[in-house]
Amino acid sequence: MTNIVLIDDHKLFREGIKRILEFEDDFRVIAEGNDGTEALDLVSKYHPDVVIMDINMPHINGVEATQQLIDRFPDVRVIILSIHDDESYVVHALKTGALGYMLKEMDTDELVNAIKIVSEGGSYVHPKVTHNLLKDYHRLSSREGDGFTHVEYRKPLHLLTRRECEVLQLMTDGRSNRSISEDLYISEKTVKNHVSNILQKMSVNDRTQAVVTAIKNGWVEVK
């Protein structure tokens, strides 16, 4: 059972998240709060496995609260919720020790998957955010001339199937599993299986590592 604390100053949004999580047998929302100050008190009282934290809140915002939580409770795992996909927000949040960064436009499956990964000690960044970060990384690396300029893109058919190559490219484009399934006319379950196969074949732990590796090897195009 993963015990969760929800922190968001918009009660209606918070209630929506809570209802989604109540459908998961492995999740239990044990407390809710409105701001960073309450987050500190609730974590101290309930010692949750995961804290889902809004980034824009009064008194103490989500980034500041995360920093204080990690300092006081090193084992707590924080997922930041935000409307911002700007690189500065993401980098700042992750530097504080947050293990997840999700956009509020996420779908249910993405939220559930993020919580499961973070609760097990992994990290999860919303695909759209990952795509934006990688675009900036690619742009800066090209300027520095470290081998990204004039890359001859080639499909990793020595490693992946053609369908897996298609899925990998769409992952690089920042597409969610649902979006990939709609684009390729396959089920979300099939997409998840392809993603799992890609991670295993590439010997990486998560989507972000897979995309970074693919970019470095010239297997995908960064649009």
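The values are calculated or read from the model by the stated rules, or taken from the named source; none is laboratory data. Computed from a prediction, not measured in an experiment: that's the story for all the values here. Neighbour counts are summed over all protein chains in view; Cβ atoms, including those assigned to glycine, are modelled from backbone coordinates with ideal geometry. Please note that ligands, DNA and RNA were not included when accessible areas were found on the heavy atoms of the full protein model with its side chains. Shrake-Rupley method; radii C 1.70, N 1.55, O 1.52, S 1.80 Å.
Of all residues in segment 57-79, how many are outside any loop (DSSP other than H, G, I, E, B) and open to solvent by less than 30 Å² (accessible area, probe 1.4 Å)?
Qualifying residue count, segment 57-79: 7.
Got a sec? Which of SER187, SER181, SER203, SER196 is open to solvent by less than 30 Å² (accessible area, probe 1.4 Å), of a type outside the set (A, V, I, L, M, F, W, C) and modelled with pLDDT of 85 or more?
After applying the criteria, what remains is SER181.
The conditions are (1) of a type outside the set (A, V, I, L, M, F, W, C); (2) at pLDDT 90 or above; (3) more than 29 Å from ASN132 (Cα to Cα), and LYS18 fails exactly one of them. Which is it?
Tallying (1) of a type outside the set (A, V, I, L, M, F, W, C); (2) at pLDDT 90 or above; (3) more than 29 Å from ASN132 (Cα to Cα), LYS18 fails exactly one: (3).
Among (1) of a type in the set (D, E, K, R); (2) open to solvent by less than 60 Å² (accessible area, probe 1.4 Å); (3) more than 23 Å from ILE115 (Cα to Cα), there is one condition ASP173 misses while meeting the rest; what is its number?
Among (1) of a type in the set (D, E, K, R); (2) open to solvent by less than 60 Å² (accessible area, probe 1.4 Å); (3) more than 23 Å from ILE115 (Cα to Cα), ASP173 violates only (3).
Being without any contact (Cβ under 8 Å) to a residue 40 or more places away in the chain and open to solvent by less than 10 Å² (accessible area, probe 1.4 Å) is the filter here, so list the residues in segment 37-54 that pass it.
ALA39, VAL43
Taking the condition open to solvent by 40 Å² or more (accessible area, probe 1.4 Å), assigned to a loop (DSSP other than H, G, I, E, B), in the same structural domain as HIS10 (by the TED database) and of a type in the set (D, E, K, R), does ASP85 pass?
yes
Find the residue count for segment 14-36, including only residues that are assigned to a helix (DSSP H, G or I) and open to solvent by less than 60 Å² (accessible area, probe 1.4 Å).
Total meeting the criteria: 8.
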